[in-house]
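Student: Sharing a structure with you now.
Each reported figure results from applying straightforward, stated rules to the coordinates on display, with no laboratory input. Everything numeric here is computed off the predicted structure, so don't read it as measured data. Counting neighbours? That spans all protein chains shown, and the Cβs are built from the backbone with ideal geometry, glycine included.
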Amino acid sequence: MHTLEALRAGKLVGIKRLDLAADLTEFPAEIFDLADTLEVLNLSGNLLSDLPQDLTRLHRLRIIFCSDNRFTHVPEVLGQCANLEMIGFKANQITHISAKALPPKLRWLILTDNRLQQLPAEIGACANLQKLMLSGNRLRELPGAMAGCARLELLRIAANRFERLPAWLLRLPRLAWLAFAGNPFSDAIEKEVMAGLSVNHIDWSSLDVQHALGEGASGIIYRAHRTTEHGVHPVAVKVFKGAVTSDGLPRSEKSACMVAGEHPNLIPVHGRLHGHPADSMGMVMPLIDPGFINLAGPPSLESCTRDVYAPEARFSLSQLMGIAQGVAAAAAHLHAKGMMHGDLYAHNILWNEKGECLLGDFGAASFLPTHDEEFRQGLQRIEVRAFGCLLEELLAHCHVPTNEQVNFNALSALQQCCVQSPNEARPMFKEIVKELATLVA
């Protein structure tokens, strides 16, 4: 994090990224001294409510973050920034976004946790838009013009006020990651599903909570020991933060985990946390063998919708097949349970060198409509595209001996089937599982 003092003293000249949180109520004019190099401007965590009309002087600006401020609108001057690709205004008080605020090169727009009631129809003309994050607003519909957003790959509309999903979502050729839990129509489905579910409650007093193992968007995971009548056992405890995340509501994530149940390729859940001293929601899970590691890192600012793999990441065809089979089987299981994962990414998959894998993180999971089979299958095929994107990444990091080229080519053909358009041309996961079993055999 940079300081206002360093900025004013001219010590930051030449930097490409500025991170400045200093209870700012006005935009520091000294930022313009960085105009010839500045590409990323992060003013999150301040007290700003507007940006200067001459912001275009930052002619190299590609990315701007103004989360956790006091904006009630998205400044229109952003639409005049010729090179601006990414805009982040999470957790403000935004009620309005004008068409004039949309820059010509917009790829990634984050307006999570605001008060938006509608979007301008002109967003449908944002030809480069790949990632749109709108969870935690007051939206009842999306503009029909968004059917023209042919490059849109990730859409988060959880925790809004939708009574239904627009039919044109199924016609977006590249949409692969979708989250819509926490809306009136999906809440009704969730309530119906949870009503018949027997849930194991685990009391906080039975846990000896130790250090934190990690933290995600929705909560913190701790290592703990659980005392039962059979002895003391090591476990992992996830305590939800209780706020809207970029993917949706912790409540919906908890419900999805419970409904998912047991599967060899899912991270299991022992039960729901009960009696937390701050009344926080949580779950208790087994500790995962340390031999399992994350398959990849999450998308970067540059990659936008694609995960980032370690430079040395290489998979044998056998490992790739194991991962593909495990993920496809887990996804087929979830779809059969009436839900979609919503975030089928390598960074949510743990794997080991045997090619065994576990799919986790249900923060973007959503329950599928129960009375419209055609729409239900269309949503499932959106997730099939996500699987196709995963296969594409794995194939790109696969070392293939000559004697395994036939199976590699067959897997490449399957990958192409999973990402093809129109939506209804893609296979369902139960078909993918059978195809992979045939290849392995």
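Student: Under a plain spin-label model, where a point goes 7 Å from the Cα along Cα-to-Cβ, how far apart in nm are residue 95 and residue 122?
Tutor: 2.1
Student: While we're looking at this one, here's another question. Using a Förster radius of 35 Å, what is the FRET efficiency between residue 25 and residue 163 based on their Cβ-Cβ separation? Nearest 0.05, please.
Tutor: 0.30
Student: So what is the 222 nm mean residue ellipticity for the chain from helices alone, if each DSSP H run of at least 4 adds -39500 (n - 2.57) and you divide by all residues, rounding to the nearest 500 deg cm²/dmol?
Tutor: For the chain, the value works out to -7500 deg cm²/dmol.
Student: Full extension from residue 421 to residue 251: what is 0.36 nm times the residue separation minus their Cα-Cα distance, to one decimal in nm?
Tutor: 57.8 nm
Student: Oh, and also: Tally Lys and Arg at +1 and Asp and Glu at -1 over the other residues with C-beta under 12 Å from the C-beta of residue 114: what net charge comes out?
Tutor: Neighbourhood net charge equals +2.
Student: Place the peptides 375-387, 234-246 in order of packing, highest mean first, counting for every residue the other Cβ atoms within 10 Å and averaging per peptide.
Tutor: So the peptides 375-387, 234-246, ranked by packing, come out 375-387, 234-246.
Student: Based only on other Cβ atoms within 10 Å, what is the fewest-to-most ordering of 406, 74, 433, 308?
Tutor: Ranking 406, 74, 433, 308 by Cβ neighbours within 10 Å, fewest first, gives 406, 308, 433, 74.
Student: If you don't mind, there's one more thing I want to ask. Please give the charge dipole size of the chain, origin at the Cα centre, charges +1 on K and R Cβ atoms and -1 on D and E Cβ atoms. Round to the nearest 20 debye.
Tutor: Computed charge dipole of the chain: roughly 560 debye.
Student: While we're here: Taking Rh as the Kirkwood radius computed over C-alpha pairs, what is the Stokes-Einstein D of the stretch 293-440 at 25 °C in a medium of viscosity 0.890 mPa s, expressed in µm² per second?
Tutor: 157
Student: What length, rounded to one decimal in nm, is gained on full extension from residue 352 through to residue 36, with 0.36 nm per residue of separation minus their alpha-carbon distance?
Tutor: Contour length minus Cα-Cα distance gives 109.2 nm.
Student: Continuing with this model, one more query. Taking the chain, how much of its Cα-Cα pair set, in percent, is spaced more than 29 angstrom apart?
Tutor: Above the 29 Å cut-off, the chain has 51 percent of its Cα pairs.
Student: Let me ask something else about it. What distance in nm separates the simple spin-label points at residue 11 and residue 373, each placed 7 Å from Cα in the Cβ direction?
Tutor: 6.8
Student: Would you please classify the overall shape of the stretch 164-264 from the alpha carbon gyration tensor, given that a ≥ b ≥ c denote the square roots of the eigenvalues, rounded means a/c under 1.5, and beyond that prolate means a/b larger than b/c while oblate covers the rest?
Tutor: The shape class here is prolate.
Student: Can you check how the C-alpha radius of gyration of the stretch 269-311 compares to 2.2 N^0.38 Å, as a plain ratio?
Tutor: 1.80
Student: Restricting to DSSP loop positions (anything but H, G, I, E, B) with no more than 12 other Cβ atoms inside 10 Å of their own Cβ, which trypsin sites (Lys or Arg not before Pro) remain in the stretch 245-279?
Tutor: none
Student: Another question, then. Please give the Cα centre distance for the stretch 8-63 versus the stretch 185-211, rounded to the nearest Å.
Tutor: Cα centres, the stretch 8-63 to the stretch 185-211: 44 Å.
Student: How much FRET efficiency would the formula 1/(1 + (r/R0)^6) give for residue 430 and residue 171, where r is the Cβ-Cβ distance and R0 is 22 Å, rounded to 0.05?
Tutor: Efficiency computed from Cβ-Cβ geometry: 0.40.
Student: Using only the alpha-carbon atoms, how far is helix 317-336 inclined from the longest principal axis of the chain? Give it as 0 to 90 degrees, nearest 10.
Tutor: Between helix and principal axis, roughly 90 degrees.
Student: On to the next question. Quick check on the stretch 22-115: take the gyration tensor over C-alpha atoms, sort the square-rooted eigenvalues as a ≥ b ≥ c, and tell me if it's rounded (a/c under 1.5), prolate or oblate.
Tutor: Judged from the Cα gyration tensor, the stretch 22-115 comes out oblate (a/c at least 1.5, b/c at or above a/b).
Student: If you plug each phi of the stretch 189-200 into the Karplus form 6.51 cos²θ - 1.76 cosθ + 1.60 with θ = phi - 60°, what whole-Hz ³J(HN,Hα) values come out, in order, with x for Gly and Pro?
Tutor: Going residue by residue, I get 5, 4, 4, 5, 5, 6, 4, x, 9, 8, 10, 7 Hz, with x marking Gly and Pro.
Student: Points 7 angstrom from Cα along the Cβ direction at residue 197 and residue 243: gap in nanometres?
Tutor: Placing both labels 7 Å beyond Cα along the Cβ direction yields 2.5 nm.
Student: Related question: Using r as the Cβ-Cβ distance of residue 212 and residue 262, and R0 as 25 Å, what FRET efficiency do you calculate, to the nearest 0.05?
Tutor: The pair residue 212/residue 262 has a calculated efficiency of 0.45.
Student: In terms of modelled amide H atoms, which long-range or inter-chain residues lie less than 5 Å from the amide H of residue 219?
Tutor: So residue 219 has HN proximity to 241.
Student: Hey, could you pull the Cα Rg and Dmax for the stretch 191-330, both in Å?
Tutor: Answer for the stretch 191-330, Rg first and Dmax second: 17.1, 51 Å.
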